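Asker: Here you go, one structure.
The values are calculated or read from the model by the stated rules, or taken from the named source; none is laboratory data. For clarity, every value in this text was computed on a predicted model and none was experimentally measured. Glycine also receives a Cβ, built like all others from the backbone with ideal geometry; neighbour counts cover every protein chain displayed. These accessible areas exclude ligands, DNA and RNA; they are computed on the full protein's heavy atoms, side chains included. Shrake-Rupley method; radii C 1.70, N 1.55, O 1.52, S 1.80 Å.
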Amino acid sequence: MTPFADANPTGPDPLRLTVTTWNINSVRLRIDSVLRFLDAAKPDVLCLQETKCPDDAFPLKALRGSGYENVFFAGQKGYNGVAILSRFPLLTRCVMPFCERQDARHISAVLGPEAGAAAGIALHDFYVPAGGDIPDRALNPKFAHKLDFLQELRAWGGKRVAGPAILVGDLNVAPLEHDVWSHKQLLDVVSHTPIETEALETLRGEADWIDTARLLTPEPEKIYTWWSYRSPDWQAANKGRRLDHAWVSPDLKDTVRKMEVFREARGWERPSDHAPVTLTLEL
DNA sequence: ATGGTTGTGGAACAA
């Protein structure tokens with residue numbers, strides 16, 4: 001045998017799988033931004049939240065020819081709504097209800113055999129309730145809803161079927177001190193109150209999910225994925241929060257390569273207040 | 001527990 005006969009002893013090249021999560025805040029208004037992002041970043045999968053679009057109005061035609069024609073979506077009129085766009089065929093569409101509501105806040109899919117080494121990975125796309133302004137369950141039903149939703153997410157995590165899985169979405173909680181521009185000033189602000197951050201970290205830990213952003217970029221480095229519309233100069237002020245997340249099941253931990261906030265899109269014309277966040281795995 | 005802005009839908013409500 002020549003020295004070169006087995007130059008690649010590990011077999012075929014590994015597959016790089018990229019999955020983006022993006023709260024788009026109206027998929028119809030921003031379908032051109034979706035296409036622009038897909039063209040620029042070319043992820044394998046794009047998970048959207050806040051599509052604000054009934055299913056019969058989802059802009060499927062605009063995606064024709066984009067290379068992302070495998071689409072699962074679950075929408076409703078005016079609020080919420082989630083969607084998964086994929087280069088690979090998707091299997092097993094599932095929409096879980098939470099808090100006994102019809103809200104479209106979850107959708108999942110399994111990557112089909114065409115995804116090669118990524119086949120069989122389950123994708124879960126979540127949109128956790130924002131929770132209103134007052135961080136008090138008794139005074140604010142929206143905050144109560146958020147806490148109840150997180151509790152149900154915890155229960156689901158405990159009985160989730162085994163196997164490789166990726167959980168992404170706008171979880172509307174910035175769990176760690178350096179996930180916000182000022183930990184002290186945001187301790188009473190919904191998205192960073194201890195009851196929320198502890199709930200999210202607890203449910204993540206109990207189900208052994210890996211927080212990929214912090215796996216690769218530990219504290220104290222700041223990471224933000226959202227900047228309020230209400231800041232006159234979001235870029236200069238940079239008062240961001242890390243609300244958008246990508247978690248992987250423990251069997252995928254060693255495949256995590258990159259977690260990137262595409263901040264540029266926050267500066268596009270008529271932007272979403274969230275930036276797209278892309279996870280890269282090497283399988 | 002302020003106000004600031006954006007989206008849906010065409011007033012109020014959600015974020």
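Asker: Take the Cα radius of gyration of region A:1-119 and divide it by 2.2 N^0.38 Å, with N its residue count; two decimals is plenty.
Answerer: Working it through for region A:1-119, the quotient is 1.31.
Asker: Using the Kirkwood radius over Cα pairs, work out the Stokes-Einstein diffusion coefficient for chain A at 20 °C and 1.002 mPa s, in µm²/s as a whole number. Before the final figure, lay out the partial values.
Answerer: Details: Rh = 19.3 Å.
My calculation gives 111 µm²/s for D.
Asker: While we're on this one: For a quick protection proxy, order the peptides A:263-272, A:26-35 by their average other-Cβ count within 10 Å, most packed first. Write out the running numbers ahead of the final one.
Answerer: Values: A:263-272: 15.3, A:26-35: 18.5.
The most tightly packed comes first, giving A:26-35, A:263-272.
Asker: Sticking with this structure for a sec: Projecting each Cα onto the charge dipole of region A:16-282 (Lys/Arg +1, Asp/Glu -1 at the beta carbon, about the Cα centre), which of A:Met96, A:Leu281, A:Tyr79 comes out farthest on the positive side?
Answerer: Sorting the options by dipole projection puts first A:Tyr79.
Asker: Once you charge only the Cβ atoms, +1 for Lys and Arg and -1 for Asp and Glu, what is the size of the charge dipole of chain A about its Cα centre, to the nearest 20 debye? If you can, show how the numbers build up before the last one.
Answerer: On the way: 33 positive and 38 negative charges, 129 e Å.
Dipole about the Cα centre, nearest 20: 620 debye.
Asker: Then there is this: Region A:139-206 to region A:210-250: how many Å between their Cα centroids?
Answerer: Between the Cα centres of region A:139-206 and region A:210-250 lies a distance of 14 Å.
Asker: Something else now. Considering just Cα atoms, how many Å³ per residue does the convex hull of region A:129-252 enclose?
Answerer: Here the figure is 102 Å³ per residue.
Asker: Give the carbon-plus-sulfur fraction of the accessible surface of chain A in %, rounded to a whole number; probe 1.4 Å, heavy atoms of protein chains only.
Answerer: The C+S portion of the solvent-accessible surface of chain A is 51 percent.
Asker: For a protection proxy built on the mean count of beta-carbon atoms within 10 angstrom, sort A:96-108, A:39-51, A:151-163, A:79-91 highest first, please.
Answerer: Ranking, from highest mean packing down: A:39-51, A:79-91, A:96-108, A:151-163.
Asker: Turning to a different aspect of this structure: How many percent of DSSP beta bridges within chain A run antiparallel, rounded to 5?
Answerer: On the way: 40 of 51 bridges.
Approximately 80 percent, going by the DSSP bridge assignments.
Asker: Identify the residues of region A:255-283 with backbone N under 15 Å of a label point that sits 7 angstrom from the Cα of A:Asp32 along the Cα-to-Cβ direction, or state none.
Answerer: Within reach of a label on A:Asp32, which here means backbone N under 15 Å from a point 7 Å along Cα→Cβ, region A:255-283 contributes A:268-272.
Asker: Looking at this model, which pairs from A:Lys77/A:Lys258; A:Lys142/A:Lys253; A:Lys146/A:Lys222; A:Lys159/A:Lys222; A:Lys77/A:Lys222 are more than 28 angstrom apart at the alpha-carbon?
Answerer: A:Lys77/A:Lys258; A:Lys142/A:Lys253; A:Lys159/A:Lys222; A:Lys77/A:Lys222
Asker: With θ set to phi - 60°, apply the Karplus curve 6.51 cos²θ - 1.76 cosθ + 1.60 along region A:216-222 and write out the HN-Hα couplings as whole Hz, x wherever there is a Gly or Pro.
Answerer: With the stated coefficients, region A:216-222 comes to 8, 10, x, 4, x, 5, 6 Hz.
Asker: Counting only helical runs of four or more DSSP H residues, what would the 222 nm mean residue ellipticity of chain A come to if each run contributes -39,500 (n - 2.57) and the total is spread over all its residues?
Answerer: That calculation yields -6000 deg cm²/dmol at 222 nm.
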